[in-house]
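Only one structure is covered here, and it is reproduced in the block below.
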Amino acid sequence: MLCLVCLCFLCPLVVLAIPTGNFYEGGADIYDDWDICRTRGDGPDGFFQYVGGGFDPVIAAESLGGNANRAYLRGLQFAQEYSDLERRAEAIFAYARDNVRYTSDRSQFGYVEFAQNADEMLAIVDEDGVAYGDCEDYAVLLGVMYLGAGMRSAVVLAPDHAAALVYAPGYDRANRILTLDGETGWVWAEATGGNNPFGWMPEQYMGVELLAHELVDEGLVSSGPPDRPVATVSRQTGGGFVLPVSPFFLVLMLLWLLSSAGRRRRRSR
């Protein structure tokens, strides 16, 4: 089940506000103590740094390198348990799929967009048994856990969606093997649906232009506690009304549509 499919469902809201993280307000947006904007994916300070048709899922670096914590260590545990890389990849995927439930940011945080880093997601899993997030949250969590497990990973953007990629050459149970920067062997990790198997790529994203960025095991340097008043962001436990696609993905869809229209006009001349 994909981001847009999930938008069609409604679920009851259980209201229990829980403060999360050290955040501060910057205009209409919320920033963390790495000065990364959590409520916007585009721009040089956005959580995906989407600028000029390229992107860098910089929020993943909050859980990598010198910032490695729960998610990276959880990946390391899977590496110790599974010596076979393919079984390891499947087990990590199943862990994220089964311990995170798809929930819109609006229903969970009250913002149309609010990205969580991988360690925040796993802190909720460890505390409550299940975490809640949307497609980019799944993608970042999987990407960090795979790096911790000694496997190469990437975040991929489609016109209305985000997912993870894992380098698993020779994996024969995927319905599509992808090429990233000229290197084949990348497998789609789509954990937003409870029944999705590792390696299943939605047909709607086959044959369309995708953006992917391979993660590296390097961390961001935190600027420390903000010199502005701390903003309290509350999390709602349980689902809520799933509202429309976030502005970030609406921008992506618009750019893809404009790009496709331009290519069609050039071909028709």
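Please enumerate the residues belonging to the stretch 113-123 that are of a type outside the set (Asp, Glu) and assigned to a loop (DSSP other than H, G, I, E, B). Passing the criteria: 114, 115, 116, 117.
Among the numbered conditions (1) surrounded by fewer than 21 Cβ atoms within 10 Å (Cβ to Cβ); (2) farther than 21 Å from residue 44 by Cα; (3) not β-branched (Val, Ile, Thr), the only one that residue 105 does not meet is (1).
Mind checking which residues of the stretch 108-130 are buried (at least 24 other Cβ atoms within 10 Å of the Cβ), of a type in the set (Gly, Ala, Ser) and over 19 Å from residue 248 (Cα atoms)? If the condition is that a residue be buried (at least 24 other Cβ atoms within 10 Å of the Cβ), of a type in the set (Gly, Ala, Ser) and over 19 Å from residue 248 (Cα atoms), then 118 is the only one that fits. You will find that of 96, 139, the residue that is crowded, with 23+ Cβ neighbours inside 10 Å and touching a Pro at 6+ places or on another chain (Cβ under 9 Å) is 139 and no other. Of all the residues in the stretch 124-141, those that are touching a strand residue (DSSP E or B) at 6+ places or on another chain (Cβ under 8 Å), over 17 Å from residue 154 (Cα atoms) and either at pLDDT below 95 or part of a helix (DSSP H, G or I) (or both) number 2. For residue 194, state whether it is modelled with pLDDT of 65 or more and not hydroxyl-bearing (Ser, Thr, Tyr). Considered against the rule, which asks whether it is modelled with pLDDT of 65 or more and not hydroxyl-bearing (Ser, Thr, Tyr), residue 194 comes out as yes. Restricted to the stretch 156-177, and to residues there that are touching a strand residue (DSSP E or B) at 6+ places or on another chain (Cβ under 7 Å) and not aliphatic (A, V, I, L, M), the residue that is nearest to residue 55 (Cα to Cα) is 167.
Of the residues examined, residue 180 is one that is surrounded by fewer than 22 Cβ atoms within 10 Å (Cβ to Cβ), touching a Leu at 6+ places or on another chain (Cβ under 7 Å) and under 23 Å from residue 219 (Cβ atoms). Pairs needed: first member in the stretch 201-230, at pLDDT below 95; second member anywhere, in a loop (DSSP other than H, G, I, E, B) and loosely packed, with under 13 Cβ neighbours inside 10 Å; C-beta distance under 9 Å; at least 6 residues apart or different chains. Sorted first by the residue in the stretch 201-230, then by its partner, the list stays empty.
Could you tell me whether any residue of the stretch 177-190 is under 16 Å from the mean Cα position of the chain (by Cα) and assigned to a loop (DSSP other than H, G, I, E, B)? Within the stretch 177-190, one or more residues are under 16 Å from the mean Cα position of the chain (by Cα) and assigned to a loop (DSSP other than H, G, I, E, B).
Would you mind finding the one in 84, 56, 137, 45 that is under 22 Å from residue 183 (Cα atoms), out of contact with any Gly (no Cβ under 8 Å at 6 or more places or on another chain) and free of Cβ contacts under 8 Å to residues at least 40 places away in the same chain?
84
Take residue 146 and tell me if it is among the aromatic types (Phe, Trp, Tyr), touching a residue at least 24 places away in the same chain (Cβ under 8 Å), part of a helix (DSSP H, G or I) and crowded, with 24+ Cβ neighbours inside 10 Å. When the stated conditions are applied, residue 146 passes them.
If you filter the stretch 17-51 down to residues that are among the polar types (S, T, N, Q) and at pLDDT 95 or above, you find that the one that is surrounded by the fewest Cβ atoms within 10 Å (Cβ to Cβ) is 49. Looking only at residues that are modelled with pLDDT of 95 or more and over 24 Å from residue 230 (Cβ atoms) in the stretch 52-70, which one is surrounded by the most Cβ atoms within 10 Å (Cβ to Cβ)? Ranking the candidates gives 57 first.
Residue 187 meets all of the listed conditions (1) aliphatic (A, V, I, L, M); (2) free of Cβ contacts under 8 Å to residues at least 40 places away in the same chain; (3) buried (at least 16 other Cβ atoms within 10 Å of the Cβ) but one, namely (2).
The values are calculated or read from the model by the stated rules, or taken from the named source; none is laboratory data. Small disclaimer: the values here were computed from a predicted structure and weren't measured. Backbone-built Cβ (ideal geometry, glycine too); neighbour counts: all protein chains shown.
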